Every structure is written in structure tokens, then in C-alpha cells.
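The values are calculated or read from the model by the stated rules, or taken from the named source; none is laboratory data. These numbers come from a predicted model, not from an experiment. Quick reminder, even Gly has a Cβ in these numbers, built from the backbone with ideal geometry, and neighbours come from all protein chains shown.
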Amino acid sequence: MNRMNRMNQLWLLVCAHFHEIVREPGVLFWGIIFPILMALGLGLAFTKKGDVLRKIAVVNTSGSARNDSSALQVFLNDKCIKNTNNKDGDYKWKFELKDQKLGNSVFLFYELDWDKAMVLLKRGTVNLILTSEKGLTEYHFDPMNSDAELSYLKISSILGSGIIYPASGSDEIKPLTITGTRYIDFLVPGLITMGVMMSTMWGISYGIIEKRSKKLLRRFVATPMKKSHFLIALISVRVIMNFIEALVLLIFAVIAFKMTIQGSIIALILLFLAGNIAFAGIAILSSSHTSNTEVGNGIVNFVVMPMMVLSGIFFSYHNFPDWSIPVIRKLPLTMLTDGMRSIFNEGAGLTEVSLPIVILTVTGIILFSAGLKIFKWH
């Protein structure tokens, strides 16, 4: 009977918190409408000015690169600086295009096979793939990606304008219309994961701090309610709301942009839940003590702002310096976003994302336990 009372208490807490959130009109806008507006605006009109650093994949289709006498291969061997410390995953050639009016552009060329080049294209690491077929240079890129188009224009001007080689007029452009190569395919998984982080941190962490500052949590001390039940109820409601918000955004993307999920749906759900658990643990720990809303605002921003900028939500984090990439990959939002994109665009299954699922889940449980232990009602 005592167990039944506890379960009933937990259920009533979940219902109470759910009604409290739904009654707020801001939840509808910031949780559902705002992500859709971001997806629509950035998906249709996203433009980015030319980057100083541009990464391009080179796929050798003629067998041996040494015997390849195409304009592309001659350009790479004769006009580019070869990377003598070429490690696995590092660029092989480097070329700097100097322009006093428009600024210098540095091109890094990676020698890859086709499958690896396509994976990096979907991840946003490269935006242009070059191949050489029967002496002709072929350009493979998403025609809707303005940055890829700018990379093509710069490279084609070098190879075909007479600056280095006379224009042959026979090079080919092969637009990529493969699912997962568009910017919107890159953007939507990032918006979903960012929504999980923002909703969890502000909904749970700041919500607890605000209740504590208004002396609302102090009243719960006199009740037989357990801290764990109160916090689990908050997390449960937030996970349900995150699921609804993500589902609405996904349905919109499928209808408006014909997006597809190429990987495992089960893996996607498990990864989504793992991300919620991880950020719920962070939220509980960060809100376990303070009752000052100004301090709480600073704590939440301290957690979400660096990850929102660094974790590659709107652009690839490979644009940051190479020394920072290993650190960025270990951030919870980066692990969640990379896993989501691999399922959406690369056809990843449970095996490929099992490690981030385990790491995010364990991280969330450990941080939740630590936050529960030091949690203060007032």
C-alpha cells in the first residue's frame, strides 16, 4: 500500500508540473513555433560569407595518382604545398589564393575515397568534392549550398580561367541531390539537440532556482514528498515536452523539406532519451544550491552558451582550430548532435551510436545523483 501511495504521489506530481508548463503561453512559442521559424528561415535563406579556410575532398578515380596527368592532379602536385606531416584524417595539399580586395582564401585538399568524402560532406567538414575522369575535372556539390557554390567558383577560376591552366571548357559540374547533403539536413538535427539542451536547462535548472527564490520549495519541506520524486517528476515532464517539440519540428521538416531518417528509429529514440538524461543531470546539479535568480541565469548561460557556439549547431565545428576539435567532440551537445546527424544523414544504427548513448546516460545519472545528494529546499 505504501508503494502504491508513492507511485500515486509521483504521478500526481508529474501531472501538476505538466499543467504548470502547458498553461504558460511562452512554451508554445519558444518550444514549438520558434524552432520551426528558425528551420524555415535558415533552411531557405541561409547564406554565409566566404571563409578564409576552405576544405575540399579529392577523390582519385584514375587508379594511381602518380600516373594521373589531369589538370587537377598537376595543379595539386605542382602548385600546392604538400603536407609532409600528413597523418590519418589530415589534409594532403594546401593552396593559398591571394586577393587584396576580397581577402586571402586558404584551400585544404583531402585525398579520400568516395564513401568517406560523402560522409564528410554530410557532416559539413567539406562542401566540395573534386574528381578527375579522363582528364576532366568534375565538381560535386549541393547546388543549394551557397558556400559550396562559392568554393566551386574559386577553384574553377584557378583551374580553368588561365591563371594556372587555360580554360578547357569541358569540365563538368555534377550537382549532388543525394539525401543528407543539404544544409537543412545538417541543420534540423542540430536544432533538435539544441532544443533539448535549452529546454532542459532553462525549464528544469532555472525553474528550480526561481521556485527556491520565491520560497515555494520551502513549503515542500513540511510534506512527506521525497526530493527524488519531485526532481524525477520535473525531468519526466520536460522529457515529454522535448519529445513533442522535436516531433513537431521533425514533421515540419519532412513536409516542407522532404527530410528522411536514413538510420535506425530505435537508435534515434534511445539517443534522444540519453541526451535528455545527460542535460537533466547537468540541470539538477547546477540548480541544487543557489536561490539567486541572477546567479542562476549566469549558471545556465555558462553551460549552454559555449556548447551552442562550439558544438556545430549552425555550422561545422571543424571551422575551429584543429587543437580544439578533440575537446569540442567531448562536449555533451556535440556527442548528441553528431549522433543525431549520423542517424539522420548517414544511416547509422544502434551499433554506431551505442557509445554516445552510454556516455550521455551514465553522465546524466552520475550528475543527477550528485545533485540529489546536495539538493537544498531553501
### Residue within region 310-331 that is under 21 Å from Val119 (Cβ atoms), buried (at least 16 other Cβ atoms within 10 Å of the Cβ), in the same structural domain as Val239 (by TED's automatic domain parsing) and touching an Asp or Glu at 6+ places or on another chain (Cβ under 7 Å) present
no
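Suppose the filter is within 29 Å of Glu352 (Cα to Cα) and exposed (fewer than 14 other Cβ atoms within 10 Å of the Cβ); does Ile240 pass it? Before you say what the answer is, go through the steps one by one.
Values: within 29 Å of Glu352 (Cα to Cα): yes; exposed (fewer than 14 other Cβ atoms within 10 Å of the Cβ): no.
It is false that Ile240 is within 29 Å of Glu352 (Cα to Cα) and exposed (fewer than 14 other Cβ atoms within 10 Å of the Cβ).
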### Query
Quick one: is Ala253 buried (at least 18 other Cβ atoms within 10 Å of the Cβ), hydrophobic (A, V, I, L, M, F, W, C) and either free of Cβ contacts under 8 Å to residues at least 60 places away in the same chain or on the phi > 0 side of the Ramachandran plot (or both)?
no
### Message
Taking the condition of being in a helix (DSSP H, G or I) and surrounded by fewer than 16 Cβ atoms within 10 Å (Cβ to Cβ), how many residues in region 291-309 meet it?
### Response
10
## Note on the structure
Of the residues in region 347-370, those that are in a helix (DSSP H, G or I), crowded, with 16+ Cβ neighbours inside 10 Å and touching a Gly at 6+ places or on another chain (Cβ under 7 Å) come to Val353, Pro356, Leu360, Thr363, Gly364, Leu367, Phe368
## Note on the structure
Log entry, pairs with first residue in region 271-284 being over 22 Å from Leu350 (Cα atoms), second being β-branched (Val, Ile, Thr) and part of a helix (DSSP H, G or I), beta carbons closer than 6 Å, six or more apart or on different chains, reads Ala280/Thr200; Ala280/Ile235; Ala283/Thr200; Ala283/Ile204
### Query
Hey, among Ser228, Ser288, which residue is at pLDDT below 90 and part of a helix (DSSP H, G or I)?
Ser228
### Checking Leu112 against (1) at pLDDT 75 or above; (2) of a type in the set (A, V, I, L, M, F, W, C); (3) over 24 Å from Glu352 (Cα atoms), the condition it does not meet
(3)
